[in-house]
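Student: Got a structure here, written out as structure tokens. Questions coming.
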Amino acid sequence: MSRSSDLARPTDHIEQEDGAEPVGGPRLGPIGWVRFAWRQLTSMRTALFLLLLLAIAAVPGSLVPQRSSDPNGVVQYRADHPDLYPIVDALQGFDVYTSVWFSSIYLLLFVSLIGCVLPRTRQHWQAMRSRPPRTPARLSRLDAAEERVVTGDADDALGRAEALLRKRRYRTERYGASISAERGYLRETGNLVFHGSLVGILVAVAVGGSLGYSGQKIVVEGEPFVNYVGGYDSFNRGRLVPDTALDPYRIRLDRLDIVYERENENAVGQPIDYTAHVTVQQPDSGSAADADIKVNEPLQIDGTDVYLLGNGYAPRITVRDADGDVAFSGAVPFLPQDQQMTSVGVAKIPDGLPEQLGMIGFLYPTVGQLESGALASGFPDLLDPVLSLNVYRGDLGLDTGVPVSVYTLDTDDLTQIAGRGTDVPAVELRPGETQQLPDGLGSVTFDGVSRFASLEIHHDPSQGWVLAFSILVLAGLLASLFVPRRRMWVRVHEEQDGRLRVEYAGLARGDDPGLAAAVRELADEHSGSERTVGGTT
Amino acid sequence: MTQTLDEFSALLLYLAMGVYAISFIAFTLDLARRSAGAAVVAESAADRVARARGAARGSAAGSVATLDPPRADAPARPRESLTLRVGVTLAILGWVLHLGATVLRGVAGARVPWANMYEFSMTGTLIIMGVFLLLLARRDLRFLGAIITGMVVLMLGVTTVGFRVDVVPLPPALQSYWLVIHVLVAILATAFFTVGAALSIVQLVRARRENGPESGLRLPVAIPGTVTLENWAYRVNIVGFIFWTFTLIAGAIWAEHAWGRYWGWDTKEVWTFIIWVIYAGYIHARATRGWRGSRSAWLAIVGYSAVLFNFGIVNVFFKGLHAYSGL
């Protein structure tokens, strides 16, 4: 009953026999070397080494900002450490988890894992279909052994022992005057399911990466968003996603409600709820449906999830020329700068005025004045909004064909005509107010403030698979760590005085703290139902 | 009202710390007194079996192999010392006060008391003590009392000084039932890892003593041998590992709900992954020849250091999405 014959484990597994390989080793041919390398790769020691290496390799990604999770951090890092940046970048330090070195570690680990699991699966399949092994000659030498003396018929005693073992979910086999039983095949099944499911997760993530897409869009209250590639502010997709993969549904942001804390004096101004009320129109249905999106409650439409990830204010501004004709009118999303939602944004008016006009705006949702006289926001909600505009005239640089961010204004070729640094004070407006622009350029009106929501749309066809495999990982782990795999034997000896001496013994395979108790409990029940004559060992 | 309840909670917590501190002193005195009487290291039954088996294995390869780990028989209890009983009693009393402090904090915030670092530490240490006291009912682990109460007092000290924040409402990102599940299970995992690490530390000290009677600390007779300690540590750690695996999965599900992706290598995710991999390594080490014993104990301690790092350092100093410390 050699272990190596019935459990295909790596040669350095602790339950493997010593001396599986001849000392010194045979002379190896090319195939022998391949086999040797394979055996090394699939050994426990290598798996352990790769696991620890993986843990260490994951550390740098938490120390250095990553392009995937913190792109702005990478830009900042470049500015802060200009000397270090190229070195870290060359080592793929900003893309640790897709880097060559990190990938090779986990791929090797998975190759090692598969190389270990496949033969074990075959062996386990055979073991599950084979009979429990023959009863060893000397049961008393085993780890857990008990002995009882009972009266009665030997065949009857064996039959009852078999019944008891079967009731405990053992697979039994009778060998002469003994019963051999084995249970806990689920332990190895769990082990294999655990490892197999890890491979499943890896595959699902890889496949999902090329079939999924995600994009962001800033939507102002009252405005619609249509799900097509051109409808996004930014869009990432897997290699296998064609333009037609996007289902062109329409979401209109009707209203974004935000509740700020007002009672708790330790938390005044802290947001406590965001709710986006939207109307969804699907392409194949004529009717529209109302829905809500909250931070922890994404909206599911046609296999995509719509998340509410951010918010801000978009002041509605109208600019008229000297004759009162509208040159610009619309809501301009401003980016929040602090907890009190002081927001900064840029309005560009390229046409309709004698000269191109640019404005850098500051929105104070609840305006207050600092001791220095500067304006500041005292509360994030729109209690008393004030819009302050610095005005520039000149060439906005929009006609060069180079894409320009809508959130920044390049003032190099512009002349400031109002605001700090000029003789003319900044244009300061409350909702509904209009003010004339300097130099008779026209007027600007602050019509009011809308909110905008920053929506993120995700499509990941594999995530259900990832979840399913994760649950299998957990289930497999539970079985492989807590189901005891053990063998049990019962042998009946007929003594000369007509009584029966019964030996019970158990053998654990793997960690099994309950073995001795299980053997004792079996012996007690088996002998207790008979009139017990003798004592125990 | 909220403020008053919170102040009362803090008061109870200080009381609990005081009681724990005295309990720690009692446990330590007991260790000191018993080790003074322990000239010879007693070998537990399980260790004798293991050693005999090791010898037999070397000589008789090919015989019926009984390669399972030995059963952990607790060694016979020595005469109960008064200080030991005082230690346990005070630990229980401290735990009741601690429980009161935690419940009051939860009532004050009208939510689960683990929404920021202060509350996480408070509940975390409560559960560490709870798991330890619960395990005491099953096995005589009182020799761990000094380490556990010592660590808990230390952690609570750091917490009350460094992490204390007022009760504020939950930000929208934390308003989810996953806060209850994900964080609670993470705390449970941490508690089991703590007991496991304490066992591994004792195991290492013990191993030095077994290798050379003159080296290392003197430890009392009643402490089980290294093989038994290792088995116990393993069993406690695998429970922690299961919980940690669940934490990882639950966290991914929550991340998918809140942030729109189930995994994004956020710093906290990275460290949760690292811890998972280290403990996976620990479990494999136990099945690898040449890695049982002190080496695997070191792995468990490295894993636990990563747990502490993940909580104490990553939360406070690393930039990431898990910015819930409130600091």
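Student: Sort A:GLU173, A:GLU146 by Cβ crowding within 10 Å, fewest neighbours at the top.
Tutor: A:GLU173, A:GLU146
Student: Go through the stretch A:404-489 and name the trypsin sites (Lys or Arg not before Pro) that are in a DSSP coil and have 16 or fewer other Cβ atoms within 10 Å of their Cβ.
Tutor: Sparse-neighbourhood loop trypsin sites (Lys or Arg not before Pro): A:ARG420.
Student: Let me ask something additional. Could you give the dipole magnitude of the stretch A:30-122 about its Cα centre, charging the beta-carbon of Lys and Arg +1 and that of Asp and Glu -1, in debye to the nearest 20?
Tutor: Around 800 debye, computed over the stretch A:30-122.
Student: What percent does the relative contact order of the stretch A:417-505 come to when contacts are Cα pairs within less than 8 Å and at least six residues apart?
Tutor: Relative contact order of the stretch A:417-505: 13 percent.
Student: Another one. Taking 0.36 nm per residue of sequence separation and subtracting the Cα-Cα distance, how much length would be gained by fully extending the chain between A:VAL229 and A:GLU355, in nm to one decimal?
Tutor: Working: separation 126, 0.36 × 126 = 45.36 nm, distance 3.43 nm.
Here the segment from A:VAL229 to A:GLU355 would lengthen by 41.9 nm.
Student: Using the alpha-carbon centroid of each, what span in Å lies between the stretch A:419-450 and the stretch A:351-411?
Tutor: Here the answer is 10 Å between Cα centres.
Student: Under 8 Å for C-alpha pairs, at least 6 residues apart: give me the relative contact order for chain A, rounded to a whole percent.
Tutor: 19
Student: With unit charges on the beta carbon (Lys/Arg positive, Asp/Glu negative), name the residue among B:GLN3, A:ALA127, A:ILE251 whose Cα is farthest towards the positive pole of the charge dipole of the protein assembly as shown.
Tutor: Toward the positive end, the furthest listed residue is A:ALA127.
Student: Subtract the Cα-Cα distance of A:TYR185 and A:ARG420 from 0.36 nm times their separation in residues, and report this length gain in nm to one decimal.
Tutor: 76.7 nm
Student: In nm, give the distance between the simple-model label positions of B:ILE92 and A:THR279, each being 7 Å from the Cα along the Cα-to-Cβ direction.
Tutor: Between B:ILE92 and A:THR279, the simple spin-label model gives 6.7 nm.
Student: Can you quote the Å³ per residue value for the convex hull of the Cα atoms in the protein assembly as shown, rounded to an integer?
Tutor: For the protein assembly as shown, the hull spanned by Cα atoms encloses 241 Å³ per residue.
Student: Per 10 Å bin from zero, what fraction in whole % of the C-alpha pairs of the stretch A:30-122 is there, up to the bin with the longest pair?
Tutor: Here the calculated profile for the stretch A:30-122 is 15, 35, 23, 16, 9, 1.
Student: Ordered by residue, what ³J(HN,Hα) values in Hz, to whole numbers, does the stretch B:113-120 give under the Karplus form 6.51 cos²θ - 1.76 cosθ + 1.60, where θ = phi - 60° and Gly and Pro are x?
Tutor: Each residue's phi maps through the Karplus curve to give x, 8, 9, 8, 4, 4, 5, 4 Hz.
Student: From the residues A:PHE452, A:LEU198, B:GLY196, which one has its Cα farthest along the dipole of the protein assembly as shown in the positive direction, the dipole being from +1 and -1 charges on Cβ of Lys/Arg and Asp/Glu about the Cα centre?
Tutor: Positive-most Cα among the choices belongs to B:GLY196.
Student: Could you give the dipole magnitude of the stretch A:213-459 about its Cα centre, charging the beta-carbon of Lys and Arg +1 and that of Asp and Glu -1, in debye to the nearest 20?
Tutor: 280
Student: Give the long-range amide H neighbours of A:SER462: residues separated by 5 or more places, or on another chain, with amide H under 5 Å away, using H modelled in the peptide plane at 1.01 Å from N.
Tutor: For A:SER462, no residues qualify.
Student: Still on this structure, I have one more. Apply the a/c threshold of 1.5 to the C-alpha gyration tensor of the stretch A:213-459 and tell me whether it is rounded, prolate or oblate.
Tutor: In terms of gyration-tensor shape, oblate.
Student: On to the next question. Which whole-Hz ³J(HN,Hα) couplings does the stretch B:234-240 yield from phi under the Karplus relation 6.51 cos²θ - 1.76 cosθ + 1.60, θ = phi - 60°, glycine and proline marked x?
Tutor: Once θ is set to phi - 60°, the couplings for the stretch B:234-240 become 4, 5, 5, 5, 5, 5, x Hz.
Student: Continuing with the same structure: With unit charges on the beta carbons (Lys and Arg positive, Asp and Glu negative) and the dipole taken about the Cα centre of chain A, which residue among A:PRO354, A:ALA516, A:VAL490 sits farthest to the positive side?
Tutor: Farthest towards the positive pole: A:VAL490.
Student: Under 8 Å for C-alpha pairs, at least 6 residues apart: give me the relative contact order for the stretch A:213-459, rounded to a whole percent.
Tutor: For the stretch A:213-459, the relative contact order is 21 percent.
Student: Taking the Cα centre of the stretch A:404-495 as origin, work out the dipole magnitude from +1 charges on Lys and Arg Cβ and -1 charges on Asp and Glu Cβ, in debye rounded to 20. Before the final figure, lay out the partial values.
Tutor: Details: 7 positive and 12 negative charges, 234 e Å.
Once rounded to the nearest 20, the dipole reads 1120 debye.
Student: So who's got an amide H within less than 5 Å of the one on A:ILE417, skipping anything under 5 residues away but keeping other chains? H placed 1.01 Å off N, in plane.
Tutor: A:VAL391, A:TYR392, A:ARG393
Student: What spacing in nm lies between the two simple spin-label points modelled at A:ASP323 and A:ALA79, each 7 Å away from Cα in the Cβ direction?
Tutor: The modelled label-to-label distance comes out at 4.4 nm.
Student: In sequence order, what are the phi-derived ³J(HN,Hα) couplings for the stretch B:174-189 according to the Karplus relation 6.51 cos²θ - 1.76 cosθ + 1.60 with θ = phi - 60°, rounded to whole Hz, with x for glycine and proline?
Tutor: Ordered by residue, 3J(HN,Hα) equals 8, 7, 7, 5, 5, 4, 5, 6, 4, 6, 4, 5, 4, 5, 4, 4 Hz.
Every number here is computed from the coordinates shown, using simple stated rules; none is lab data. If you're wondering where the values come from, they're calculated on a predicted model, not measured in any experiment. Ideal geometry is used to build each Cβ from the backbone, glycine not excepted, and the neighbour counts take in all protein chains shown.
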